[in-house]
Amino acid sequence: MDILSNKLSLSEQERILTESHNSKIPLASILAKKGLSYDSLRYREYPNMEQLQLAQDSNETIDEVKMYKPSIPAVSFFSGAGGLDIGFEYAGFNNIVSIEFNEVFCNTLRKNNPSKIVLGPPTSSGDVRKREVISTLLQDIIGKGSGFDGVFHGGPPCQPFSIAANQRFSKNGSNFKRQGFNDENKGELIFDYLWYIREFKPKAFLIENVAGIEDFNRDNKIKNALDALTSLGYDIHPPRIINAANYGVPQNRIRWLIIGTRTKKNLILPKPNAHVTSCFSTFTRSLIDVKNHQTREHTAESISRYMLLSYGARDKLGRVDRLNPYLPSKTVIAGGTKGGGRSHLHPYSPRTLSVRESARLQTFPDSYIFTGSTARQFTQAGNAVPPLLAYKIALQMKKCL
């Protein structure tokens with residue numbers, strides 16, 4: 001693929017940007033009138049372009065892996081847009097029910113699997129803090145008895161522990177959210193999740209979060225809660241911090257994992273690759289007829305700044321980074337639940353990524369549709385566990401069951 005084959009010359013691009021600036025006509029309108037798009041625009045420099053054309057790196061995708069027939073039941077907590085759900089489903093688990101608090105996320109889950117049971121608005125409560133309500137609904141679906149013969153998996157909301165979610169705020173400001181377990185809305189959700197594990201006793205469980213959660217565990221609050229599960233027969237594997245880029249995901253994404261099992265077989269986590277996965281081939285795939293690929297209509301002023309950036313450099317005004325195709329993408333950003341979603345800059349075109357491009361960096365299948373506003377679509381894609389990473393973990397958990 002010739003990255004530069006359809007790009008404008010720098011001189012023509014400068015003329016168009018000047019025209020938009022002087023006439024006050026939106027850049028998007030001028031491009032459309034000329035039969036061009038933002039992908040017709042170029043950066044001033046493309047370092048190591050000859051090497052790039054010869055690159056043979058090819059990303060793994062979830063659609064290329066072996067998909068197993070569903071054989072083991074599973075329940076998804078804090079389901080979000082379904083990243084863990086997809087990975088476990090492809091690995092041969094039957095996700096009986098997904099529990100999610102956000103209605104837009106619930107709509108996405110139902111859109112992609114109309115037969116899926118979703119405990120969440122508008123039909124029911126998806127708030128795991130309402131333990132008696134959720135446990136009653138869940139008991140009607142999976143029963144209770146002496147234990148659930150399957151898996152619970154979930155990633156409690158990470159905002160109270162996330163460094164990335166709080167980089168814009170002062171620690172002394174009212175908007176600073178990295179309050180750990182003191183966050184009154186989300187800080188204790190991991191312990192609600194552990195309560196359901198004690199109540200239903202699944203054969204195995206997975207907890208996923210950001211590595212920053214360890215900063216708030218100095219008093220062993222999580223360890224003590226997990227130790228209480230050992231009396232129920234669980235073998236609790238120590239927390240493990242991994243980078244998704246070592247498991248085929250074209251993105252640096254550091255995650256914290258805990259797995260517990262009540263089986264006689266030892267759990268062996270998937271082995272990391274010898275190298276990290278670059279995002280090169282993510283951006284050589286066709287975008288014809290894919291959903292969720294609406295790109296932002298940047299101003300001429302923004303493009304004039306973006307086009308000067310080198311690989312990996314940041315536009316400080318817009319707080320966006322040009323991705324380096326030789327490296328994994330920087331972590332896909334969720335954005336706030338009330339503000340606008342945002343993304344990184346495309347490595348070859350001076351514009352921000354679309355939701356679909358962000359979802360590809362997360363290894364979502366192209367057939368998976370995100371509902372809601374574009375800002376909320378970014379939130380869903382950015383909040384998710386990469387399905388490919390979930391798949392590889394789920395395969396190893398299945399061997400124990």
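Every number in this text was worked out from the coordinates using simple rules, so none of it is lab data. It should be emphasised that the depicted structure is a prediction, and the values quoted were computed from it without experimental measurement. Ideal geometry is used to build each Cβ from the backbone, glycine not excepted, and the neighbour counts take in all protein chains shown.
With each pseudo-label sitting 7 Å past Cα toward Cβ, what's the ASP149-LEU287 distance in nm, one decimal?
My value for the distance between the label points is 4.8 nm.
Need the full-extension length gain, ALA228 to ILE254, defined as separation in residues times 0.36 nm minus the C-alpha distance. One decimal, nm.
That pair, ALA228 and ILE254, stretches by 6.7 nm at full extension.
Kindly work out what percent of the DSSP beta bridges joining two residues of the chain are antiparallel, to the nearest 5.
So the antiparallel bridges in the chain amount to around 45 percent.
List the relative contact order of the chain as a percent without decimals, with contacts defined as Cα pairs under 8 Å and 6+ residues apart.
Rounded, it is 21 percent for the chain.
Trypsin sites (Lys or Arg not before Pro) within the stretch 245-299: which are DSSP loop residues with at most 11 other Cβ atoms inside 10 Å?
Listed in order of number, the matching sites are LYS264, LYS265.
Using Cβ contacts closer than 10 Å as the measure, can you line up SER278, SER40, SER231, SER115 from fewest to most?
By the 10 Å Cβ count, ascending, the order reads SER115, SER231, SER40, SER278.
Report the net charge of residues surrounding THR371, where surrounding means a beta-carbon distance below 13 angstrom and charges are Lys +1, Arg +1, Asp -1, Glu -1.
After counting each charged neighbour, the total is +2.
Once the other residues with Cβ under 12 Å from the Cβ of SER98 are scored (Lys, Arg +1; Asp, Glu -1), what is the net sum?
-1
LYS399 to GLU103: FRET efficiency via 1/(1 + (r/R0)^6), r the Cβ-Cβ distance, R0 35 Å, to the nearest 0.05?
Efficiency at R0 = 35 Å is approximately 0.45.
With viscosity set to 1.002 mPa s and temperature to 20 °C, compute the Stokes-Einstein D of the chain, Rh being the Kirkwood radius across alpha carbon pairs; µm²/s, no decimals.
96 µm²/s
How much mean residue ellipticity at 222 nm does the chain get from its helices, if each DSSP H run of length 4 or more adds -39500 (n - 2.57) and you divide by all residues, to the nearest 500 deg cm²/dmol?
-8500 deg cm²/dmol
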